[in-house]
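Notes to accompany the following structure.
The values are calculated or read from the model by the stated rules, or taken from the named source; none is laboratory data. The structure presented is a predicted model; accordingly, all values stated were derived computationally and were not measured. Note: ideal-geometry Cβ built from the backbone for every residue, glycine included; neighbour counts use all protein chains shown. Calculation scope for accessible area: heavy atoms of the full protein, side chains included, ligands and nucleic acids excluded. Shrake-Rupley method; radii C 1.70, N 1.55, O 1.52, S 1.80 Å.
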Amino acid sequence: MASRYTADDAAAYERLMGRWSGRLAELLIGFGGLAAGDRVLDVGCGTGSLALALAARPEPAAIAGIDIAAPYIAYAAAHAADPRLSFFTADAMSMEFPAGSFDRCYSLLALNFMSDPGAALAGMRQATRPGGRIAAAVWDFAGGLVYQRIFWDTAAALDPAADQARARHYSSPLTGSGELAAAFETAGLRDVEETWLTIRMEYADFADYWQPIAYAQGPVGDYVKRLAPDSLDRLTEAVRRGYLAGRADGPRSMAATAWAARGNAP
C-alpha cells in the first residue's frame, strides 16, 4: 500500500495526534454502532486508538487491527492487555481475510492517506458479513482542523513550498463534504449516511502545541524536518504569534472536526 503518511515513530504520532484520536474514536463508535458479540476490524489502526476504545467496551467478542506501519503496530500491541485484541502488519488495500469475517469494520483517520482508498473500502466490504456495518472518519483539513490551519496558513505566508504542501494536503481524497459518503456508495455499501464529528484539542501552552509539531509524523513533519535552522526559527516565532493571538501564553482549546460516513455491507 503506497501511503502519503510518514509513519516511522509511534511515540511522535502519539504526541501529535494519538492523544486526540481516542476522543474522536468514541464519537465514531457511537455513530457506527456496536452490538454484543461483534467481531470488529480496525483498518489503518495506527497506534491503536480506535481498537483500544473498542476494547474499553463489553460488546466486542474480538477486535483486530491492521496497519502497514510496523512501528505503529508494535506500539499498539505493546498497549494491548485485553485478550480480545490482536494487531497485524498488513496492507489495507489487499486484505486477505475470508469473506464475512467481521460484523463491523471501522477506519479512523487513515483512508485519505491511502493511494487507493476505494480498494481499501472494497476490502472492508468483502471482510464484513452481509448486513454488517462499515464506518470511517477523516479530518476536515481545510474547514475543521484549527491546530493545522494555524500551522499551514502561517507557513504558507512565509514559504511558497509550504503553500504547495498545504495545497497537496488539503486536496487529500475524501476530506471534503460528501466525498467520504460518495466513496462508500461507489464501494457498493447500502443505506450510506454522512455526518461530522467534533472534538476539542486542549493545549497547556505554546510549547505543548509546538513540540509535537516540531517532531511530527505525516505531512506536517515532512515539511518541518526539511527546513534549515534559521527558517525553522522564523516559522516557530510566527506560529507562536498565531497561537497567542494577542493573548498571554497559556491554555488553548481548539475545535477539530472530522467527516464520518457509515453504510451496510450488501
List the pairs whose first member sits in segment 239-266 and is over 15 Å from Ala207 (Cα atoms) and at pLDDT 95 or above, whose second member is in a loop (DSSP other than H, G, I, E, B) and among the aliphatic types (A, V, I, L, M), and whose Cβ atoms are under 6 Å apart, counting only residues at least 6 apart or on separate chains?
Gly263/Leu189
Selection count, segment 80-104, where residues are charged (D, E, K, R) and crowded, with 17+ Cβ neighbours inside 10 Å
3
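So for segment 232-244 (the condition being in contact with a helix residue (DSSP H, G or I) (Cβ under 9 Å, 6 or more places away or on another chain) and outside any helix (DSSP H, G or I)), does at least one residue qualify? Give the derivation first.
From segment 232-244, those in contact with a helix residue (DSSP H, G or I) (Cβ under 9 Å, 6 or more places away or on another chain) are 232, 234-236, 238-244; that's our starting set.
Filter once more, keeping what is outside any helix (DSSP H, G or I): none.
No, segment 232-244 contains no residue that is in contact with a helix residue (DSSP H, G or I) (Cβ under 9 Å, 6 or more places away or on another chain) and outside any helix (DSSP H, G or I).
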Residue by residue through segment 14-30, note down the ones that are open to solvent by 30 Å² or more (accessible area, probe 1.4 Å) and either of a type in the set (D, E, K, R) or in contact (Cβ under 8 Å) with a residue 60 or more places away in the chain (or both).
Glu14, Arg15, Arg19, Arg23, Glu26, Leu27
Just to verify a result, which residue in segment 226-266, among those that are more than 22 Å from the chain's Cα centre (by Cα) and of a type in the set (Val, Ile, Thr), is surrounded by the most Cβ atoms within 10 Å (Cβ to Cβ)?
Val239
Name the pairs whose Cβ atoms lie under 6 Å apart, with the first residue in segment 75-102 and touching a residue at least 24 places away in the same chain (Cβ under 8 Å), the second of a type in the set (S, T, N, Q), and 6 or more positions between them or separate chains?
Tyr75/Thr47; Ala76/Thr47; Ala99/Gln126; Phe102/Thr128
Elements of type helices (runs of 4 or more DSSP H) in segment 105-170, at least 2 residues being among the charged types (D, E, K, R) and open to solvent by 40 Å² or more (accessible area, probe 1.4 Å)
146-158, 160-170
Do you know which of the residues in segment 171-207 that are polar (S, T, N, Q) and touching a residue at least 40 places away in the same chain (Cβ under 8 Å) is most open to solvent (accessible area, probe 1.4 Å)?
Thr186
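Kindly indicate which of Gly143, Gly65 is touching a Leu at 6+ places or on another chain (Cβ under 8 Å) and either of a type outside the set (Gly, Ala, Ser) or within 19 Å of Ala260 (Cβ to Cβ) (or both). Before you say what the answer is, go through the steps one by one.
On the way: Gly143 fails: touching a Leu at 6+ places or on another chain (Cβ under 8 Å).
Within the list Gly143, Gly65, the selection yields Gly65.
Might you let me know whether segment 196-210 holds any residue that is under 30 Å from Pro130 (Cβ atoms), of a type in the set (D, E, K, R) and in contact with a strand residue (DSSP E or B) (Cβ under 6 Å, 6 or more places away or on another chain)? Break it down into steps so the answer makes sense when it comes.
Just the residues of segment 196-210 that are under 30 Å from Pro130 (Cβ atoms), to begin with: 196-197.
With of a type in the set (D, E, K, R) added as a condition, the list becomes none.
Among the residues of segment 196-210, not one is under 30 Å from Pro130 (Cβ atoms), of a type in the set (D, E, K, R) and in contact with a strand residue (DSSP E or B) (Cβ under 6 Å, 6 or more places away or on another chain), which makes the answer no.
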Can you tell me which residue in segment 208-225 is nearest to Ala7 (Cα to Cα), limited to those that are free of Cβ contacts under 8 Å to residues at least 60 places away in the same chain and open to solvent by 40 Å² or more (accessible area, probe 1.4 Å)?
Lys225
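From the list Asp42, Asp8, which residue is touching a residue at least 60 places away in the same chain (Cβ under 8 Å) and closer than 22 Å to Gln126 by Cα?
Values: Asp8 fails: closer than 22 Å to Gln126 by Cα.
The match here is Asp42.
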